[in-house]
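Novice: Can you read through this structure? Questions will come right after.
The values are calculated or read from the model by the stated rules, or taken from the named source; none is laboratory data. Predicted, not measured: the structure shown is a model, and the values here were computed from it. Using ideal geometry, Cβ is built from the backbone for each residue, glycine included, and neighbour counts are taken over all protein chains shown.
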Amino acid sequence: MNVLTDPENAIGSGSLHFKLNRRQKTLIITGLCSALLIGIILAAQLMSNAGIATNFSQQNLAPSWSHPFGTDWLGRDMFTRTIKGLAISIQIGLLASSVSVVIALVLGMCAATMGEKVDAIISWLVDLFMGVPHLVALVLIAVVLGGGAKGVIIGVALTHWPSLTRVIRAEVMQVRSSQYVLVSRHLGRSRWWIASRHILPHLLPQFFVGLILIFPHAILHEASITFLGFGLSPHLPAIGVILSESMGYLAAGMWWLAFFPGLSLLIIVRAFDVIGDNLRMLLDPHRAHE
Amino acid sequence: MNSAKYVLGKALRMISLLIALCLVSFILVKNSPIDPVQAYIGADMMRVSEEQRELIAENWGLDKPPIEQFFSWAGAIVQGDFGTSMIYREPVIEVIGQRFAASLALMGVAWVLSGIFGFLMGIIAGMNRGKLIDRAIKWYCLTLAATPTFWLGLILLIIFAVWLGWFPIGMGVPVGVLSEHVSISEKLYHLILPALTLSIVGVANIALHTRQKLLDVLESDYVLFARANGESGLGLVWQHGVRNIALPAVTLQFASFSELFGGSVLAEQVFSYPGLGQATVSAGLRGDVPLLLGIVLISAIFVFSGNLIGDIICSVVDPRIKEDRSSV
């Protein structure tokens, strides 16, 4: 076994003639995942509500061609409910993680540029938010805000910034002490000039990648908190609602009520992960040539 | 000496964070739509008159200014009095004590199993970089990280309880038996599925981390030197790899208490396991403020102690960290 000659690279260069290179492959996979996500949001808009209306002639059907995910005890088509639920999750996740990323960006910049005291306070805040188990913090915020979509969005937005704040702080620290920034400062450039021309361009990729990487956590936490009964109202076809309702029917052998919606959620979360990782690889100059 | 000072500093920081947490959660709950008197009365709403409500509020000091209320609450907490749970009608500290013991058994099993298996999987993947088994383990871990814990629980429930019939569906103890009369074997029996769920999910993080660390170590100069000396295979990894990657893995595993607790809330809900996670959900849904605040504080102490233990182990075992700190 020889680990020193990297087998991944060896395979890549040996089969260059008939295979796409890694960058092309990465781009294609990223494109496919994005198409999947956009497709789900569009499909949810285009699907009629007829599928999720109560229909007692179609109760408790196992998966078939006309109902790929089966139907539930009210005769609602589970495929339609799942797609609509995923679209709701994606929208809530997007909103909550955008807020989180903005908080992280502002706090990370402040921590790195506004002196030791501010830095200490922000790192103490990060510790405070990381100290309470994530789910307990979400429950507390949801309860205090009286539950509902508002409680979920605010809860998820307020609890997902700490780790990204650390990353951005470290990034800003690094750029600030680099040679060209020091030169620029000695040439008499103002703080604002340095922040907007030298530091911010470095943070933009962090911003977008951070957004996409927070996304999976946001969606999973939204589904969890809804599953526990603190989140979205039971009338919405959210994945958490579908799964918590399904618990009463599993003993009757209706496995499809839980299996397909959860699996779809897993695929969506994984797709976001893949997009985030690939973007990071493409945007990071140190890793772009891998 | 140095590490004692370091640990003391960490402990002081932890206390300051806990005080802040008390303040923040008190303010949050104070401004929430929950009416504690309403939550306390619950179903007896019709039989309690307006005057009686006011008496209860006065008895609890709800008519006093919020700052005074905070200090009387915080003073009681310092003495270990968390108040009385409204839904269990027992002191909060006793409810938490009983439930935490059940949860601790669950989390302990999952923590040990996921730690051991995750570490082994990480080493296997790292030693076989780029081969099929490495890619399989990586794919498995990344997929697990994207899996909703409660969905995995439901799937295990469908397979083992509904299809195979090996386990009862839900219920931490058999129906119709007092909790004192439940034997240890029955308790263990009900622990298996939730613990399995948590272990399966918990493996991902530690395995990926260990794999990456091992790859870093294997690329180092001293491993190159060891290879030049003719060492290879398991012996090489044991001599030079494991010693270097064990410590970060242990720290990471202690730092995972927060996710472990969150996972146990979900797993307990799926399997109706009577632990602290289930109490959290009932406290939140039914507006039991004293219990909810108690759980927030206890779970935070749990997470902080995990981090603190990780830090202590690191600073005691690893001489480099001591040196690093004294030079800073």
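Novice: Please determine, by comparing only the residues of segment B:126-139 that are in a helix (DSSP H, G or I) and within 12 Å of another protein chain (Cβ to nearest Cβ), which one is farthest from B:Thr210 (Cα to Cα). Steps first, answer last, please.
Specialist: First, pick out the residues of segment B:126-139 that are in a helix (DSSP H, G or I): B:126-127, B:132-139.
Then drop every residue that is not within 12 Å of another protein chain (Cβ to nearest Cβ), which leaves B:126-127, B:132, B:134-135, B:138-139.
Values: B:Gly126: 8, B:Met127: 11, B:Leu132: 18, B:Asp134: 12, B:Arg135: 15, B:Lys138: 11, B:Trp139: 15 Å.
That would be B:Leu132.
Novice: Residue under question is A:Gly240, and the condition is that it be in contact with an Asp or Glu (Cβ under 9 Å, 6 or more places away or on another chain) and assigned to a loop (DSSP other than H, G, I, E, B); does it hold? Give the derivation first.
Specialist: Numbers: in contact with an Asp or Glu (Cβ under 9 Å, 6 or more places away or on another chain): yes; assigned to a loop (DSSP other than H, G, I, E, B): no.
Criteria not met by A:Gly240.
Novice: Among the residues of segment A:121-167, what is the count of those that are charged (D, E, K, R) and either surrounded by 21 or more Cβ atoms within 10 Å (Cβ to Cβ) or within 11 Å of chain B (Cβ to nearest Cβ) (or both)? Full working, then the answer.
Specialist: Initially, segment A:121-167 is screened for residues charged (D, E, K, R), giving A:127, A:150, A:166.
Now narrow it down to the ones that are either surrounded by 21 or more Cβ atoms within 10 Å (Cβ to Cβ) or within 11 Å of chain B (Cβ to nearest Cβ) (or both): A:127.
Within segment A:121-167, residues that are charged (D, E, K, R) and either surrounded by 21 or more Cβ atoms within 10 Å (Cβ to Cβ) or within 11 Å of chain B (Cβ to nearest Cβ) (or both) number 1.
Novice: I'm checking my understanding of the structure. Among residues of segment B:229-248 that are away from chain A (no Cβ under 11 Å) and hydrophobic (A, V, I, L, M, F, W, C), which one is farthest from B:Lys131 (Cα to Cα)?
Specialist: So, considering only residues that are away from chain A (no Cβ under 11 Å) and hydrophobic (A, V, I, L, M, F, W, C), the one farthest from B:Lys131 (Cα to Cα) is B:Leu247.
Novice: Under 9 Å by Cβ, and 6 or more places apart or on different chains, what pairs join a residue from segment B:213-231 that is over 18 Å from B:Asn128 (Cα atoms) and not assigned by TED's automatic domain parsing to the domain that holds B:Pro248 with one that is among the polar types (S, T, N, Q) and surrounded by 11 or more Cβ atoms within 10 Å (Cβ to Cβ)?
Specialist: Close Cβ pairs satisfying both conditions: none exist.
Novice: Return only the number of the condition from (1) within 14 Å of another protein chain (Cβ to nearest Cβ); (2) within 25 Å of A:Thr165 (Cα to Cα) that A:Ile199 does not satisfy.
Specialist: Going through the list (1) within 14 Å of another protein chain (Cβ to nearest Cβ); (2) within 25 Å of A:Thr165 (Cα to Cα), A:Ile199 breaks only (1).
Novice: Filter segment A:255-265 down to residues that are in contact with a Ser or Thr (Cβ under 7 Å, 6 or more places away or on another chain) and more than 7 Å from every other protein chain (Cβ to nearest Cβ) and give me whichever is nearest to A:Leu36 (Cα to Cα).
Specialist: A:Ser264
Novice: List the number of the failed condition for B:Ile298; all other conditions in (1) outside any loop (DSSP other than H, G, I, E, B); (2) crowded, with 24+ Cβ neighbours inside 10 Å hold.
Specialist: Failing condition for B:Ile298: (2).
Novice: If you check every pair at least six apart or on different chains, which have Cβ atoms under 6 Å apart with a residue in segment B:140-167 that is under 18 Å from A:Ala218 (Cα atoms) first and a residue that is among the aromatic types (Phe, Trp, Tyr) second?
Specialist: Every condition considered, the pairs that remain are B:Phe150/A:Phe227.
Novice: Take B:Gly42 and tell me if it is within 22 Å of the chain's Cα centre (by Cα) and at pLDDT below 80.
Specialist: Numbers: within 22 Å of the chain's Cα centre (by Cα): no; at pLDDT below 80: yes.
In short, no.
Novice: Look at B:Leu285 and say whether it is surrounded by 21 or more Cβ atoms within 10 Å (Cβ to Cβ) and either modelled with pLDDT under 90 or within 30 Å of B:Arg89 (Cα to Cα) (or both). Explain how you work it out, then say what you get.
Specialist: Values: surrounded by 21 or more Cβ atoms within 10 Å (Cβ to Cβ): no; either modelled with pLDDT under 90 or within 30 Å of B:Arg89 (Cα to Cα) (or both): yes.
Criteria not met by B:Leu285.
Novice: Would you say A:Arg185 is surrounded by fewer than 21 Cβ atoms within 10 Å (Cβ to Cβ), of a type in the set (Lys, Arg) and not in a loop (DSSP other than H, G, I, E, B)? Don't jump to the end; show me each part of the working.
Specialist: Details: surrounded by fewer than 21 Cβ atoms within 10 Å (Cβ to Cβ): yes; of a type in the set (Lys, Arg): yes; not in a loop (DSSP other than H, G, I, E, B): yes.
Taking the combined requirement at face value, the residue satisfies it.
Novice: Just wondering, is there one or more residues in segment A:207-224 that are over 24 Å from B:Glu259 (Cα atoms), away from chain B (no Cβ under 14 Å) and exposed (fewer than 14 other Cβ atoms within 10 Å of the Cβ)?
Specialist: Kept after step one, since they are over 24 Å from B:Glu259 (Cα atoms), are these residues of segment A:207-224: A:207-208.
Remaining after also requiring away from chain B (no Cβ under 14 Å): A:207-208.
From the residues that got through so far, the ones that are exposed (fewer than 14 other Cβ atoms within 10 Å of the Cβ) too are none.
Within segment A:207-224, not a single residue is over 24 Å from B:Glu259 (Cα atoms), away from chain B (no Cβ under 14 Å) and exposed (fewer than 14 other Cβ atoms within 10 Å of the Cβ).
Novice: Of all helices (runs of 4 or more DSSP H) completely enclosed by segment B:166-256, which ones contain at least 3 residues that are surrounded by fewer than 19 Cβ atoms within 10 Å (Cβ to Cβ) and at pLDDT below 75?
Specialist: Output list reads B:184-218.
Novice: Moving on. Being within 11 Å of another protein chain (Cβ to nearest Cβ) and surrounded by fewer than 24 Cβ atoms within 10 Å (Cβ to Cβ) is the filter here; which residues of segment A:229-245 pass it?
Specialist: Applying the first criterion (within 11 Å of another protein chain (Cβ to nearest Cβ)) to segment A:229-245 yields A:229-230, A:239-240, A:242-244.
Scanning segment A:229-245 gives A:Gly229, A:Ser244.
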